[in-house]
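Some notes on the structure that comes next.
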Amino acid sequence: MAEVKFEEALKRLEKIVDELERGELSLDEALKKYQEGIELSRMCNQRLESAKKKIELLTKNKKGEFELKQLEENKED
(Lines give C-alpha, C1' and ligand atoms only; values in the text may rest on other atoms or scores of the structure.)
Protein backbone atom coordinates (compact mmCIF):
# COMPACT_ATOMS: atom_id res chain seq x y z
CA MET A 1 0.00 0.00 0.00
CA ALA A 2 1.35 3.41 -0.97
CA GLU A 3 2.35 5.88 1.73
CA VAL A 4 -0.81 7.53 3.03
CA LYS A 5 -1.19 10.18 5.72
CA PHE A 6 -2.65 8.90 8.98
CA GLU A 7 -5.70 11.15 8.76
CA GLU A 8 -6.44 10.07 5.18
CA ALA A 9 -6.09 6.42 6.12
CA LEU A 10 -8.44 6.85 9.05
CA LYS A 11 -11.06 8.58 6.90
CA ARG A 12 -10.77 5.82 4.29
CA LEU A 13 -11.13 3.19 7.01
CA GLU A 14 -14.27 4.89 8.34
CA LYS A 15 -15.74 4.94 4.82
CA ILE A 16 -15.00 1.24 4.36
CA VAL A 17 -16.66 0.39 7.67
CA ASP A 18 -19.72 2.39 6.65
CA GLU A 19 -19.91 0.62 3.27
CA LEU A 20 -19.59 -2.80 4.90
CA GLU A 21 -22.19 -2.01 7.54
CA ARG A 22 -24.74 -0.97 4.90
CA GLY A 23 -24.53 -4.50 3.47
CA GLU A 24 -25.07 -3.41 -0.13
CA LEU A 25 -21.79 -4.78 -1.53
CA SER A 26 -21.39 -8.05 -3.36
CA LEU A 27 -19.39 -10.72 -1.56
CA ASP A 28 -16.31 -10.06 -3.73
CA GLU A 29 -16.53 -6.30 -3.18
CA ALA A 30 -17.03 -6.79 0.56
CA LEU A 31 -13.98 -9.07 0.78
CA LYS A 32 -11.83 -6.53 -1.08
CA LYS A 33 -13.03 -3.70 1.18
CA TYR A 34 -12.46 -5.85 4.26
CA GLN A 35 -8.89 -6.65 3.20
CA GLU A 36 -8.19 -2.97 2.49
CA GLY A 37 -9.66 -2.07 5.88
CA ILE A 38 -7.41 -4.56 7.66
CA GLU A 39 -4.35 -3.11 5.92
CA LEU A 40 -5.37 0.45 6.80
CA SER A 41 -6.08 -0.57 10.39
CA ARG A 42 -2.63 -2.13 10.76
CA MET A 43 -0.95 0.91 9.20
CA CYS A 44 -2.81 3.29 11.53
CA ASN A 45 -1.92 1.16 14.54
CA GLN A 46 1.76 1.10 13.58
CA ARG A 47 1.80 4.88 13.16
CA LEU A 48 0.14 5.37 16.55
CA GLU A 49 2.62 3.05 18.24
CA SER A 50 5.51 4.90 16.61
CA ALA A 51 4.13 8.28 17.72
CA LYS A 52 3.57 6.96 21.23
CA LYS A 53 7.22 5.97 21.51
CA LYS A 54 8.29 9.48 20.53
CA ILE A 55 6.19 11.29 23.10
CA GLU A 56 8.01 12.69 26.10
CA LEU A 57 6.43 14.15 29.19
CA LEU A 58 7.65 17.26 30.95
CA THR A 59 7.31 16.64 34.70
CA LYS A 60 8.54 18.21 37.92
CA ASN A 61 10.92 16.24 40.06
CA LYS A 62 11.09 16.36 43.89
CA LYS A 63 13.24 19.50 43.75
CA GLY A 64 10.58 21.31 41.71
CA GLU A 65 12.72 21.25 38.57
CA PHE A 66 11.31 20.24 35.21
CA GLU A 67 12.68 17.13 33.53
CA LEU A 68 11.81 15.08 30.46
CA LYS A 69 10.58 11.53 30.87
CA GLN A 70 9.56 8.95 28.31
CA LEU A 71 5.86 8.18 28.17
CA GLU A 72 5.19 4.98 30.06
CA GLU A 73 2.24 2.76 29.43
CA ASN A 74 -0.20 2.35 32.26
CA LYS A 75 0.02 -1.30 33.19
CA GLU A 76 -2.90 -2.76 35.03
CA ASP A 77 -1.90 -6.03 36.64
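The values are calculated or read from the model by the stated rules, or taken from the named source; none is laboratory data. No experiment lies behind these values; they were computed from the predicted model shown. Counting neighbours? That spans all protein chains shown, and the Cβs are built from the backbone with ideal geometry, glycine included. Side chains are part of the model used for accessible areas, which takes the heavy atoms of the whole protein and leaves out ligands, DNA and RNA. Shrake-Rupley method; radii C 1.70, N 1.55, O 1.52, S 1.80 Å.
Axis of helix 6-22 versus longest Cα principal axis of the chain: the two differ by about 40°, to the nearest ten degrees. Straight Cα distances below 23 angstrom link residue 60 to the lysines 52, 69, 75, with same-chain residues fewer than 8 positions distant left out. Put 6, 66 in order of accessible area, highest first, and with a 1.4 Å probe you get 66, 6.
In degrees from 0 to 90, rounded to the nearest 10, what is the angle of the helix 27-54 Cα long axis to the longest principal axis of the chain? The answer is roughly 10 degrees. Electrostatic tally near residue 34: other residues with Cβ closer than 11 Å to its Cβ, Lys and Arg +1, Asp and Glu -1, net -3.
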